[in-house]
Every structure is written in C-alpha cells, then in structure tokens.
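Student: Dropping the structure in here first, questions after.
The values are calculated or read from the model by the stated rules, or taken from the named source; none is laboratory data. Please read these numbers as outputs of a predicted model, since none were measured by experiment. Cβ placement follows ideal geometry from the backbone for every residue including glycine, while neighbour counts extend to all protein chains displayed.
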C-alpha cells in the first residue's frame, strides 16, 4: 500500500518512468525504471497563471477557512494526463487535476497544502478529517455518494486497452466480450467495483468467467499486460487514450465503455462544496477551464456546468 509523502511520490514517479521501458522491453520492473527511463515533459503553457481571486466566490467559504487561507488536499499522483511528476518525485506535480485544483484555489484565494496518498486511502481519510478535499479522478457513484460529497469538474469514465498487436479484441461494449480473459485494474477504483459486481454476466451467457487481477500501482498493471499475465486493462478513458498515444507504451485504446462524472471529493456534509462549485463555474465562464483541458488533451471530457452530487450515470 502506498503511503502519503515521499515514499508515495517515489512510487508514483517510478510508475511513470516505467512506461517507456514497457514498450521497449515488453517486460519492465521497478529496477529497469531506475536504470534511466525518463519521465514525460509537461505541455507548454500555464493557463492557471492569470487566475485571480473572485471575492463573490471566496465569500462562499466558511469563515474559519477564509481566516486560515489554506486547505489540506489528499492527492493521488500517478500518470498523465490526470496527475504525475514530469521532472521526478522531488519536483512539482503536473496534470489536468493539478491545474484545476490550483485554479480553483486561486479563485477562492486559498493556498493548497497537497499531500500525496494512494488512491484507495483518500476517500476514507476525508471522513476522518485528515484532508479537506481529495483529488484523483474520483468517479461519482451511488455507493460513494453515501459517504462522500462531490463537486464535478470533468466527465471521464471507464475504458479498456490491450497490448498493441492484439487483434482479438477491437472494442468492448459489453463485458461478455471479456469472458475467459484476465483483466487488470486498480485497487479501490470504480473499475474494480464494476468488474466484481458484474462478474456473473459470463455464467449467465453460458461462457467462462473473466478473471480480475487488482494492482496498487499503474506500472505493475502495465508490466502485467506487456508480459501477457493479463489480457486487458480497465482504467480511465483519458488515461488510456493518452497512454496509447505514446508509441513506447505499445498499447491500443479500445474506446469508451461507460462515462462517469468526476469530481473533487469531500466528507459528507462538507461546507466547502458550494464554494468549489462556484469556483469551477467561474473558471468555465472565463475560459480558463477550456484552456486547461486543451493543454492536457481532454477537451472531449468538458462539462458545461459543475454540479454537487449528481446521480450516477446509468
């Protein structure tokens, strides 16, 4: 399990650094990543630089937050375009989620105290009060809405990818197309939940069940794919599309399976949600939001307006 702080940042960076080697060696490991793989540079431009505090939006914050001027953010930093370390774990993170969180903070006149954490630990930590807000491409689901409040900022979702050259699967529109295969995905994600909840579809169709292997690190999932220990990866639409665009990854994106709203996460009943929603809407209105998404190649996932706790997409 990845821990907050330096160890978590090192592992996230190792996951990113491994990507080029996966394509070149068709195997790869943490050791090969350390042997000299380079991380991907962030796209040029800083659409957040010109963002300024908007007094009417900042006024929506609780008085104690305005006085302190800071928020504690639990941040899952893994792979582009969401959040990653383009220059190594000792440098600043970059990505769509980083830019959006920073832009919202500037509209609200706040400073972010960002702490790295593994994806699966952030939502429980919100309830305990460790963080004020969580980021990590958290999809809005009916189950999560029981204990978490969300303020949406993008519409991403679930997709699949295979190793480049695999011609047996060209697109996944129904999970029965994966019967008899081994699927790799991340721990604590909506992908794991979906695959586990619907595992009976193969038996109902008279087919051999698919097998699910769960990994705590993206690098481990990709290594397993290149080594043939899994047949398919299920992850975010934008993440898999970005990955497939890099020749060194040697993966093929199979398209969208299901869309999900994605949002900033808060403990249930948080007084921060109205201010965050207003801040996202301010960024949409002034064009900053579109510029951030254009920078990271995720414009197809843009939303027209932010919402608090929308129902899960069917």
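Student: Checking residue 150 against (1) more than 15 Å from residue 254 (Cβ to Cβ); (2) within 21 Å of the chain's Cα centre (by Cα); (3) buried (at least 18 other Cβ atoms within 10 Å of the Cβ); (4) not assigned by TED's automatic domain parsing to the domain that holds residue 274, which single condition isn't satisfied?
Tutor: Unmet for residue 150, out of (1) more than 15 Å from residue 254 (Cβ to Cβ); (2) within 21 Å of the chain's Cα centre (by Cα); (3) buried (at least 18 other Cβ atoms within 10 Å of the Cβ); (4) not assigned by TED's automatic domain parsing to the domain that holds residue 274: (4).
Residues checked against (1) over 29 Å from residue 145 (Cα atoms); (2) crowded, with 18+ Cβ neighbours inside 10 Å; (3) in the same structural domain as residue 63 (by TED's automatic domain parsing):
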| position | (1), (2), (3) |
| --- | --- |
| 174 | no, no, no |
| 186 | no, yes, no |
| 197 | no, no, no |
| 209 | yes, no, no |
| 225 | yes, yes, no |
| 229 | yes, no, no |
| 266 | no, yes, yes |
| 273 | no, yes, yes |
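Student: Listed residues 294, 246, 258, 277; which is closer than 23 Å to residue 95 by Cβ and crowded, with 18+ Cβ neighbours inside 10 Å?
Tutor: On inspection, the qualifying residue turns out to be 277.
Student: Also, quick follow-up: Would you say residue 251 is buried (at least 18 other Cβ atoms within 10 Å of the Cβ), assigned by TED's automatic domain parsing to the domain that holds residue 96 and either modelled with pLDDT of 95 or more or within 19 Å of the chain's Cα centre (by Cα) (or both)?
Tutor: Numbers: buried (at least 18 other Cβ atoms within 10 Å of the Cβ): yes; assigned by TED's automatic domain parsing to the domain that holds residue 96: no; either modelled with pLDDT of 95 or more or within 19 Å of the chain's Cα centre (by Cα) (or both): yes.
Judged against the criteria, residue 251 is not a match.
Student: One residue is enough: does the stretch 95-104 have a residue meeting the conditions farther than 20 Å from residue 277 by Cβ, surrounded by 21 or more Cβ atoms within 10 Å (Cβ to Cβ) and at pLDDT below 95?
Tutor: Taking every residue of the stretch 95-104 in turn, none turns out to be farther than 20 Å from residue 277 by Cβ, surrounded by 21 or more Cβ atoms within 10 Å (Cβ to Cβ) and at pLDDT below 95.
Student: Check whether at least one residue in the stretch 305-313 is buried (at least 17 other Cβ atoms within 10 Å of the Cβ), in contact with a strand residue (DSSP E or B) (Cβ under 9 Å, 6 or more places away or on another chain), assigned by TED's automatic domain parsing to the domain that holds residue 71 and in contact (Cβ under 8 Å) with a residue 60 or more places away in the chain, and report yes or no.
Tutor: no
Student: Do you know which residues across the stretch 85-117 are within 21 Å of residue 219 (Cα to Cα) and in a helix (DSSP H, G or I)?
Tutor: Listed by number, the residues that qualify are 96, 97, 98.
Student: Checking the structure you have, find out if any residue of the stretch 212-219 is within 27 Å of residue 48 (Cα to Cα) and either modelled with pLDDT of 95 or more or outside the structural domain of residue 110 (by TED's automatic domain parsing) (or both).
Tutor: So far as the stretch 212-219 goes, no, none of its residues is within 27 Å of residue 48 (Cα to Cα) and either modelled with pLDDT of 95 or more or outside the structural domain of residue 110 (by TED's automatic domain parsing) (or both).
Student: Would you point out which residue out of 71, 16, 21 is at pLDDT 85 or above and outside the structural domain of residue 216 (by TED's automatic domain parsing)?
Tutor: Just a single option satisfies the conditions, and that option is 71.
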